[in-house]
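Encoded as structure tokens, the structure appears first; notes follow it.
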């Protein structure tokens, strides 16, 4: 079998030799043009005049387009609410595209884009959640989930804790910036290459912009240099721009954002504010809790509604909330439109309840791990129902946490850290164990479907396509393993080429960790169809029972006979057996009423837990992650090496979000952290010094592809343990009378301030 | 594509991956753009174009540089090695093979820069170039995980594949010193 093995990434030899092609590496046809946007330098204003004469006169400029010049829809929204690609009389954030420059070179386009003379009448800009709330600026009315009677339960509880937590956003910093090409074809046809997680949406947006049917647009995506959610909708503007310019000029067009423009224009992880009020029993168990989540959506809808929903759906994390009210406010502001980012709101919701657990432990002077364990969902019985009335059937969190606590010597190390802190004045250490329970499925139920197209050629080689896109997560490797497994072939016999809307139509975004769950099943269905035809043919030809036919080791075992796979395929072809098939999959069991907050939004849950130990310098606020131990549930892993890589990378990215990655907008709404010089992403030296990652030994109880579980997003939230460990270290600076209440990201400045607060020094 | 606005240009000759190349360029063209757009060697990537991400790391006369921060015309007579010159899929350099063995990447976009950077970095250790984490600045640093992590911190991997990147480099480094 090729599945459940640590086979190397399908593009490995190309990656290490620089021969793997990303969009910007694909040679452009002769005569290609290059595009750049002219950007708003106001956060909120009416445009009173736009003088683009100097732009048009600049060297190398071929055309300059405003919203009025577009041939079709000026809309790049991924939601039903339109989002203009080019401003229409008003600007809503600093960095909003106003006009499109088409020029002979990338540099000429960018230089010319700076020459626009735009006059504005400034309007009041809403830059924070509080600004938005003050004028009731929401993209939809608040959404509430309610189970039980939380207020009376809180009132009757032995202890009440309450607080507010600010949670920062996050820049994707996919190392490959946004990029697209468009090449006009005959008639109204157009080919688009786009660095996108969602080729079908690119196809739809381009078709609307050109006023052509979907069948005139073909979108190709071989691989992305990272996506992380940032290429789910944010590539639309580039692809549409290229297509429109290609249509108007008749020439191929290319567009890529310079890094600074990319960081200024594109959406990021949503900043959140979470307010909580909880009633707690003397043993640390929650009696009732009320959450208010405030989601900074930015200037347009984009994907904010499902992101805010997913934050609500993860306000429980792995804990049973006996009486609970969760209210979500979706605040519209004048910042970039916040968008999908690994976890899709789940992390913000999850951080909220982890903060509550930390607060309970500090207030009641209990061990934080025992508080967390006391509040976990039970395996069965009444304490298994989520705030949205779904029963948690697959809970492995209690066992997984207990196992990890032993593996990581949690109790012994905690005692050792307390002893260290008693002796050490300047350096303080902290440790925390936090769990993850993450719901797997798109909450928009109809997206939970996938298609595949598989060809077997007469030399026995297999070529396949599916609807998923490769962004480094190893999706194509896993899917190829599934296909090779059906035919008993080595991995090298299976080739997956660029995701292509002409091969597999009507696809969902590669998002929600669903790539291998959905596409793996669709590919398996197609391969099974072909394998069944080959079995039927062989059974007939060799007059043998179908069950006596097996595909293994590149051969076909037919009773006592063995043929090379290619020999059987050739014989089947000669007998006119169809060697190509489509496959389709729709996730079972899921159904969801999002306004009511009831149903089964998730097919299953993925679990994990991490123990992080940190050291902080109380004179500077700097810190180091000394050690991280992770135990994570991927079901029966399709590829353990890839899954461990995903877990390690997700932890690093999650810890980065909550520690060093700080987005700073100034009073004019300008993003001041628009390059890696000021926006600090974890580097090799930031990785935990000791990093132990293990896979939980268990199969998915649901019938997923080879009983595996999704892995893309869930381990991102293991990084929460780093934030809680820093909180623990800071607490060691005080006498326990005052809760640390650390906001995220816990930059060194924030840590120093919190340390000083523990020591009674006010800033 | 050559910039349409170039009014002056200069000739420059250097060797790229052992082959003499002569280009006529606007003097403001970076080495990275010369490689990617004029010589069509797209292995070096433009991650940030500000010398902050390391994706364009290229080896010039044995030392690693950010090709985006260096003008092509400054490299007359230089020996430039890009990822394409280090090894090809049918003839991999041992470090390239180690990156495959250890899954030292996810999306692969930083990989050419990581590999070029690592090869020159090991040379730096060999030439006793000191680092921030070294105990004794007068002694040659040992090849340790801490040294590699520190010396590779200019090459960002947003996928966070650092554990595997460091493992791949360590394997080669230990093989060379053994």
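The values are calculated or read from the model by the stated rules, or taken from the named source; none is laboratory data. Here the structure is a predicted model, which is why all the values come from computation and not from measurement. All Cβ positions, even for glycine, are placed from backbone atoms using ideal geometry, and neighbour counts span all protein chains on display.
Here are a few things to note about the model shown:
- Selected residue [outside the structural domain of residue B:14 (by TED's automatic domain parsing), buried (at least 17 other Cβ atoms within 10 Å of the Cβ) and at pLDDT below 95] from B:139, B:114, B:106, B:134: B:134
- Looking across region B:6-25, just one residue is in contact with a helix residue (DSSP H, G or I) (Cβ under 9 Å, 6 or more places away or on another chain), outside any strand (DSSP E or B) and either modelled with pLDDT under 95 or within 13 Å of chain A (Cβ to nearest Cβ) (or both), and that is B:17.
- Failed item, numbered, when residue A:477 is tested on (1) farther than 30 Å from residue A:192 by Cα; (2) touching a helix residue (DSSP H, G or I) at 6+ places or on another chain (Cβ under 8 Å): (1)
- Residue count for region A:680-695 satisfying the condition of being surrounded by fewer than 21 Cβ atoms within 10 Å (Cβ to Cβ), within 22 Å of the chain's Cα centre (by Cα) and in a loop (DSSP other than H, G, I, E, B): 1.
- Taking region A:1-113 as the region of interest, the strands (runs of 3 or more DSSP E) fully inside it that hold 1 or more residues being in contact with a helix residue (DSSP H, G or I) (Cβ under 8 Å, 6 or more places away or on another chain) and either within 9 Å of chain B (Cβ to nearest Cβ) or surrounded by fewer than 18 Cβ atoms within 10 Å (Cβ to Cβ) (or both) are A:33-39, A:61-65, A:97-103.
- Single residue of A:277, A:251, A:247, A:218 found to be modelled with pLDDT of 95 or more and either assigned to a loop (DSSP other than H, G, I, E, B) or under 20 Å from the mean Cα position of the chain (by Cα) (or both): A:251
- Within region B:43-91, being at the interface with chain A (Cβ under 7 Å from one of its Cβ atoms), in a loop (DSSP other than H, G, I, E, B), more than 21 Å from residue A:260 (Cα to Cα) and free of Cβ contacts under 8 Å to residues at least 60 places away in the same chain holds for B:87, B:89.
- Scanning region B:152-177 for residues that are facing chain A (nearest Cβ under 9 Å), in contact (Cβ under 8 Å) with a residue 40 or more places away in the chain and under 16 Å from the mean Cα position of the chain (by Cα) turns up B:154, B:155, B:156, B:157, B:165.
- When restricted to residues that are within 19 Å of the chain's Cα centre (by Cα) and more than 14 Å from chain B (Cβ to nearest Cβ), region A:628-657 contains 3.
- Filtering region A:393-436 to residues that are under 29 Å from residue A:588 (Cβ atoms) and in contact with a helix residue (DSSP H, G or I) (Cβ under 6 Å, 6 or more places away or on another chain) leaves A:435, A:436.
- Residue check for residue B:35: more than 7 Å from chain A (Cβ to nearest Cβ), within 21 Å of residue A:28 (Cα to Cα), touching a helix residue (DSSP H, G or I) at 6+ places or on another chain (Cβ under 8 Å) and not in a helix (DSSP H, G or I): no
- Yes/no for residue B:133 being facing chain A (nearest Cβ under 9 Å) and not in a helix (DSSP H, G or I): yes
- Residue A:239 being more than 14 Å from chain B (Cβ to nearest Cβ) and either under 23 Å from residue A:61 (Cβ atoms) or touching a residue at least 60 places away in the same chain (Cβ under 8 Å) (or both): yes
- Condition met for residue B:125 (assigned to a loop (DSSP other than H, G, I, E, B), in contact with a helix residue (DSSP H, G or I) (Cβ under 7 Å, 6 or more places away or on another chain), more than 9 Å from every other protein chain (Cβ to nearest Cβ) and touching a residue at least 24 places away in the same chain (Cβ under 8 Å)): no
- Scanning region A:483-500 for residues that are assigned to a loop (DSSP other than H, G, I, E, B) and crowded, with 23+ Cβ neighbours inside 10 Å yields one hit, A:489.
- Close contacts from region A:144-160, counting a first residue that is within 14 Å of residue A:388 (Cα to Cα) and a second that is part of a helix (DSSP H, G or I), with Cβ to Cβ under 6 Å and a gap of 6+ residues or different chains, come to A:145/A:312.
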